[in-house]
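Asks: A single structure is presented below for examination.
The values are calculated or read from the model by the stated rules, or taken from the named source; none is laboratory data. Remember, it's a predicted structure, so these values are computed and weren't measured experimentally. Counting neighbours? That spans all protein chains shown, and the Cβs are built from the backbone with ideal geometry, glycine included. Areas reflect the complete protein model, heavy atoms only, side chains present, ligands, DNA and RNA absent. Shrake-Rupley method; radii C 1.70, N 1.55, O 1.52, S 1.80 Å.
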Amino acid sequence: MSGRNFLYIPGPSNVPQRVRNAMAIEQEDMRAVDFPDFTLPLFEDLKKIFKTETGRVFIFPASGTGGWEAAISNTLSAGDKVLMSHFGHFSWLWVDMCQRHGLDVQALEVEWGEGVPFEKYAEILKADTNKEIKAVFACQNETATGVSSDIAAVRKALDDAGHPALLFVDGVSSVASIDFRMDEWAVDLCVSGSQKGFMLPTGLGIVCVSQKALAARESATLPRTFFSFDDMIGANDNGFFPYTPNTIYMRGLRESVDMLLEEGLENVFKRHNRMATAVRKAVEAWGLSLVAKHEELYSDTVSAIRVPEGFDGNEVAGHAYKYYNLALSISLGKIAGTAFRIGHLGDLNEMMVMIPITGAEMAMKDIGIPIELGSGVAAAQEYLRTTATPVERRS
Ligand SMILES: *Cc1c(COP(=O)(O)O)cnc(C)c1O
């Protein structure tokens, strides 16, 4: 087999050569005297990615799911009332985890393709005059449906009700790709992982925590050991870890954070919006629609593309993989088969985003979906061509 497999799923994303080089190293002593020279600046720079000055960042050798567990187990107690919503596979999984931890979960069921129901949140929070709700959860980017939600609106719902609940955000497929503002939105816990916007393999759960959430651990009684913030803080303050950290991935993270800061976060977000827009131009030219219901919900990291009635979106992905060595993503759960997904996050530029557009077009044509070959490709080309700026190269 010559050439390569092309990966366009919404995580793991492509690992840039610079990051791979940074990880092609020997193992190292995580108790060496100079290890903190590496870790302490990394913690500081991660805060820039979350846009926080007052919070702190924890790195667990886990995935995003572990980050979720760290967030809830350190700050809540069994029986605590929490307000959540689900409108896709990932927002549902977090609900499931909270239920399994014995929290008293009020989970609003929202149609897939919609986002966080912040207006309903506002009503419920206003009605909670005894302030019994301990935490409010929001999935910033629902990866299953390609829906981005307005976290500032969730913060506003809390503020308008004068409500002290903690604000939890799932930022696994948004942080470092779509704007996220820990301090400005007064988010208390934001969970991310290494294999999406951070452009690394799976293996780090990255959690950003506010001072208010750190204080909440004093009274929180859910059990935690591996994910204990206390144990982490005790060691991290000196640049060390309470157990063996994933040093190789952390060296990769150092490189990916450098890449993000060199490009500039705002430029990173603009680039993601541009790549996503190219995909959306193609979808429109195909005469298809997205699972996301309204334009303001469109995700800049993943598009879930509906196929016409009578066709199977997962067959599009399967066919592209089998014949064109292209990994598109299947659709999950309630919408399984009705759509396929293109992940467009992380290490991506103009020519790279043309690959899944071209391949999806071929695969759709092959399985009989009535689209015109070249239509989506041309629309994306035209958009990218007419909005192009000179490539910034490293000197
Ligand atoms: C990928 C993802 C997760 C799960 O993360 P894992 O690293 O697979 O554990 C959670 N939430 C969202 C929104 C995701 O995209």
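Asks: To the nearest 20 debye, what is the magnitude of the charge dipole of the chain about its Cα centre, counting +1 on the Cβ of each Lys and Arg and -1 on the Cβ of each Asp and Glu? Please report the intermediate quantities before stating the final value.
Replies: Values: 37 positive and 51 negative charges, 106 e Å.
So the dipole magnitude of the chain works out to roughly 500 debye.
Asks: With no solvent and one point per C-alpha, what does the Debye sum give as log10 I(q)/I(0) for segment 121-167 at q = 0.17, 0.20 Å⁻¹?
Replies: The Debye formula, applied to the Cα set alone, gives -0.49, -0.63.
Asks: Continuing with the same structure: Where the accessible area of the chain is counted over protein heavy atoms with a 1.4 Å probe, how much of it, in %, is carbon and sulfur?
Replies: 51
Asks: At 10 °C and 1.306 mPa s, what whole-number value in µm²/s does Stokes-Einstein give for the translational diffusion of the chain, with Rh from the Kirkwood sum over Cα pairs? If you can, show how the numbers build up before the last one.
Replies: Values: Rh = 21.7 Å.
Using the Kirkwood radius from Cα pairs, D works out to 73 µm²/s.
Asks: Separate question: Cross-link candidates for residue 365: which aspartates and glutamates have Cα within less than 20 Å, leaving aside residues fewer than 8 places away along the same chain?
Replies: Cross-link targets: 284, 309, 312, 315.
Asks: Set the bar at 31 Å for Cα to Cα. Now go through 131/196; 47/270; 196/322 and name every pair that lies beyond it.
Replies: The answer is 131/196.
Asks: To the nearest 10 square angstrom, how much accessible area does residue 298 have with a 1.4 angstrom probe?
Replies: Counting only protein heavy atoms, residue 298 exposes about 70 Å² to solvent.
Asks: Any idea of residue 89's accessible area? Nearest 10 Å², probe 1.4 Å.
Replies: 60
Asks: Reachable aspartates and glutamates from residue 48, Cα under 14 Å, same-chain residues fewer than 8 places away excluded?
Replies: Hits, sequence-local ones excluded: 179, 183, 184, 258, 262, 263, 266.
Asks: Further question: I'd like to check one number: the per residue accessible area of the chain, probe 1.4 Å, reported in Å² as a whole number.
Replies: Ligands and nucleic acids excluded, the result is 42 Å² per residue.
Asks: Shifting gears a bit: Would you rank 180, 118 by solvent-accessible area, highest first, keeping every protein chain in place and using a 1.4 Å probe?
Replies: 118, 180
Asks: Which value, in Å² rounded to 10, gives the accessible area of residue 6 with a 1.4 Å probe and all protein chains present?
Replies: The accessible area of residue 6 comes to roughly 60 Å².
Asks: Order 123, 361, 132, most accessible first, counting only protein heavy atoms with a 1.4 angstrom probe. Intermediate results must be reported in sequence, preceding the final value.
Replies: Details: 123 125, 361 5, 132 85 Å².
Result of the area sort, largest leading: 123, 132, 361.
Asks: Can you tell me which aspartates and glutamates have their Cα less than 17 Å from the Cα of residue 81? Leave out same-chain residues fewer than eight positions away.
Replies: Output for residue 81: 69, 96, 104, 109, 123, 128, 132, 188.
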